[in-house]
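The block underneath contains the structure these notes are about, expressed in structure tokens.
The values are calculated or read from the model by the stated rules, or taken from the named source; none is laboratory data. Note that the coordinates shown come from a computational prediction; the quantities given were computed from them, not determined experimentally. Methodologically, a virtual Cβ is constructed for each residue, glycine included, from the backbone with ideal geometry; neighbour enumeration extends over all protein chains shown.
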Amino acid sequence: MDTIYALASARGKAGVAVLRLSGPAAHDATVALCGDLPAARRASLRRLVWNGVELDQALVLVFPDRESFTGEPSVELHLHGSLAVVQSVMRALSGMAGLRLAEPGEFTRRALENGRLDLAQVEGLADLIDAETEAQRRQALRVLSGAIGRRAEEWRAKLIRAAALIEATIDFADEDVPVDVTPEVMDLTHDVLVDLRREAAGSHVAERIRDGFEVAIVGAPNAGKSTLLNALAGRDAAITSEFAGTTRDVIEVRMDIDGLAVTLLDTAGLRETTDPVERIGIERALERAKAADLRVFLESGEDVPGITPVQGDITVSGKADVTGRGVSGKTGQGVPELIAAIGERLLAHSAGAGLVTRERHRLAIERAIGAMESARVEIEKGAARAELAAADLRIAIRALEALVGRVDVENLLDEIFASFCIGK
């Protein structure tokens with residue numbers, strides 16, 4: 001296997017730049033630059049010299065085989081963060097036999113291949129790198145810690161036990177089996193089903209925490225929706241005008257509310273109209289508003305056709321600068337209270353989040369649930385259906401193994417690692 005290297009810190013000028021090496025020649029390459037290796041996991045200052053030219057003075061951190069992030073012999077060079085220094089050291093490394101520049105996500109891919117991370121942890125790492133809010137950070141860190149893998153292993157162990165019991169009845173079908181295994185098998189599968197159904201139910205919320213909640217501002221034309229959006233965003237994200245129908249398309253603004261990623265949607269004013277362009281905007285507004293996680297209805301005394309508040313939605317009077325009550329995007333009256341109300345409702349919604357954070361996780365769990373439900377039906381039909389029940393349990397076990405990347409992952413890897421930066 002090649003030894004790979006890449007800049008692990010952000011490109012550009014910085015106080016420190018971290019250059020990472022991993023592979024069988026990582027330690028030898030470091031010796032070629034600085035003459036000797038520091039003690040493992042103990043940062044030590046070294047002069048980096050190549051072809052008689054001093055390149056930099058760097059902190060060198062060495063990781064032995066099986067004790068690094070990738071599971072391979074690895075080294076981190078903490079350089080002075082100028083472009084010239086980084087480029088000079090990378091040129092030196094490129095001139096060494098067996099070394100090459102890493103591909104996107106290759107360090108993490110090697111960690112997966114060497115058993116240092118499971119696939120769910122890899123996805124958690126990608127989410128942690130992309131995290132913009134506190135809730136996203138906490139959720140990604142929980143996945144990276146291996147929480148999904150530990151739970152999947154618990155479920156898998158119970159299903160293996162259940163399958164073994166069923167298959168024992170098949171192997172000894174012509175003999176008297178002293179114990180009826182059906183009650184234990186049903187108990188084991190019931191326990192796993194309860195957990196999996198809970199995770200499946202909470203997966204949509206976890207996906208929302210990861211991708212962001214959507215909050216639509218809904219109301220009649222000229223109700224103050226765009227002005228309110230601008231006030232919430234702190235900038236002129238939407239065009240405002242005293243003329244009704246100014247907003248024709250859905251305008252999106254990304255925000256952090258109480259640690260949650262939230263996309264605010266400014267929608268077209270809802271009314272009956274003969275204008276074909278405005279009608280398209282209203283149709284889009286209704287579609288996005290109905291699909292949103294939360295709606296804020298701005299009351300203006302006019303009817304809003306096509307949509308009504310549901311439980312959990314927020315209804316507030318708009319243009320408080322004119323009416324003296326409710327919320328005003330112009331003066332800011334009621335805006336802090338509205339933000340607090342949005343945050344309160346979304347936090348309550350996010351309390352039901354499960355461990356699984358991606359559609360891939362949810363589909364694997366749903367496959368396992370379907371197979372287990374089928375297995376329980378076959379078990380209840382008696383010993384003559386034992387082989388079908390055992391086959392269903394094996395399908396469920398395989399689905400859980402796919403969840404953490406033990407099987408059926410080759411077609412996913414390129415897509416997953418393409419989102420990583422080169423130094424990761």
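When you go through Gly312, Gly324, Gly329 one by one, which is the residue that is surrounded by fewer than 16 Cβ atoms within 10 Å (Cβ to Cβ), farther than 14 Å from Ala220 by Cα and in contact with a helix residue (DSSP H, G or I) (Cβ under 7 Å, 6 or more places away or on another chain)? Give the steps one after another, and end with the answer.
Details: Gly324 fails: in contact with a helix residue (DSSP H, G or I) (Cβ under 7 Å, 6 or more places away or on another chain); Gly329 fails: surrounded by fewer than 16 Cβ atoms within 10 Å (Cβ to Cβ).
Only one candidate passes the filter, namely Gly312.
Can you find, within segment 208-231, the residue that is surrounded by the fewest Cβ atoms within 10 Å (Cβ to Cβ) among those that are out of contact with any Asp or Glu (no Cβ under 6 Å at 6 or more places or on another chain) and at pLDDT below 80?
Taking the candidates together, the pick is Pro221.
Can you find a residue that is without any contact (Cβ under 8 Å) to a residue 60 or more places away in the chain and assigned to a loop (DSSP other than H, G, I, E, B) anywhere in segment 78-91?
Of the residues in segment 78-91, the ones without any contact (Cβ under 8 Å) to a residue 60 or more places away in the chain are 84, 87-88, 91.
So of that shortlist, the ones also assigned to a loop (DSSP other than H, G, I, E, B) come out as none.
Checking segment 78-91: not a single residue is without any contact (Cβ under 8 Å) to a residue 60 or more places away in the chain and assigned to a loop (DSSP other than H, G, I, E, B).
On the basis of being part of a strand (DSSP E or B), of a type in the set (A, V, I, L, M), over 17 Å from Glu103 (Cα atoms) and in contact with a Pro (Cβ under 9 Å, 6 or more places away or on another chain), does Val62 make the cut? So that I can check it myself, show each step before the final result.
Values: part of a strand (DSSP E or B): yes; of a type in the set (A, V, I, L, M): yes; over 17 Å from Glu103 (Cα atoms): yes; in contact with a Pro (Cβ under 9 Å, 6 or more places away or on another chain): yes.
Criteria met by Val62.
Looking at Leu128, is it of a type in the set (A, V, I, L, M), part of a helix (DSSP H, G or I) and either touching a strand residue (DSSP E or B) at 6+ places or on another chain (Cβ under 9 Å) or over 30 Å from Arg360 (Cα atoms) (or both)? I'd like the intermediate steps shown before the answer.
Numbers: of a type in the set (A, V, I, L, M): yes; part of a helix (DSSP H, G or I): yes; either touching a strand residue (DSSP E or B) at 6+ places or on another chain (Cβ under 9 Å) or over 30 Å from Arg360 (Cα atoms) (or both): no.
Here the answer is no, as Leu128 does not meet what is asked.
Looking at segment 336-379 only, could you name the residues that are β-branched (Val, Ile, Thr), part of a helix (DSSP H, G or I) and either touching an Asp or Glu at 6+ places or on another chain (Cβ under 8 Å) or crowded, with 16+ Cβ neighbours inside 10 Å (or both)? Step through it out loud before you land on a result.
So the first thing to find is which residues in segment 336-379 are β-branched (Val, Ile, Thr), and the list is 339, 342, 356-357, 365, 369, 377, 379.
Filter once more, keeping what is part of a helix (DSSP H, G or I): 339, 342, 365, 369, 377, 379.
If the condition is that a residue be β-branched (Val, Ile, Thr), part of a helix (DSSP H, G or I) and either touching an Asp or Glu at 6+ places or on another chain (Cβ under 8 Å) or crowded, with 16+ Cβ neighbours inside 10 Å (or both), then Ile339, Ile342, Ile365, Ile369, Ile379 are the ones that fit.
Could you say whether any residue in segment 379-400 is in contact with a Leu (Cβ under 6 Å, 6 or more places away or on another chain) and either acidic (Asp, Glu) or modelled with pLDDT under 90 (or both)?
Checking segment 379-400: not a single residue is in contact with a Leu (Cβ under 6 Å, 6 or more places away or on another chain) and either acidic (Asp, Glu) or modelled with pLDDT under 90 (or both).
Could you please give the count of residues in segment 164-203 that are closer than 17 Å to Arg385 by Cβ, among the hydroxyl-bearing types (Ser, Thr, Tyr) and at pLDDT 80 or above?
2
State whether the residues of segment 200-209 include one that is outside any loop (DSSP other than H, G, I, E, B), polar (S, T, N, Q), closer than 30 Å to Ile251 by Cα and not assigned by TED's automatic domain parsing to the domain that holds Asp321.
First, the residues of segment 200-209 that are outside any loop (DSSP other than H, G, I, E, B): 200-209.
In the following step, the residues that additionally are polar (S, T, N, Q) were identified as 203.
Filter once more, so that each one left must be closer than 30 Å to Ile251 by Cα: 203.
Then keep just the ones that are not assigned by TED's automatic domain parsing to the domain that holds Asp321; that gives 203.
Scanning segment 200-209, I find at least one residue that is outside any loop (DSSP other than H, G, I, E, B), polar (S, T, N, Q), closer than 30 Å to Ile251 by Cα and not assigned by TED's automatic domain parsing to the domain that holds Asp321, so the answer is yes.
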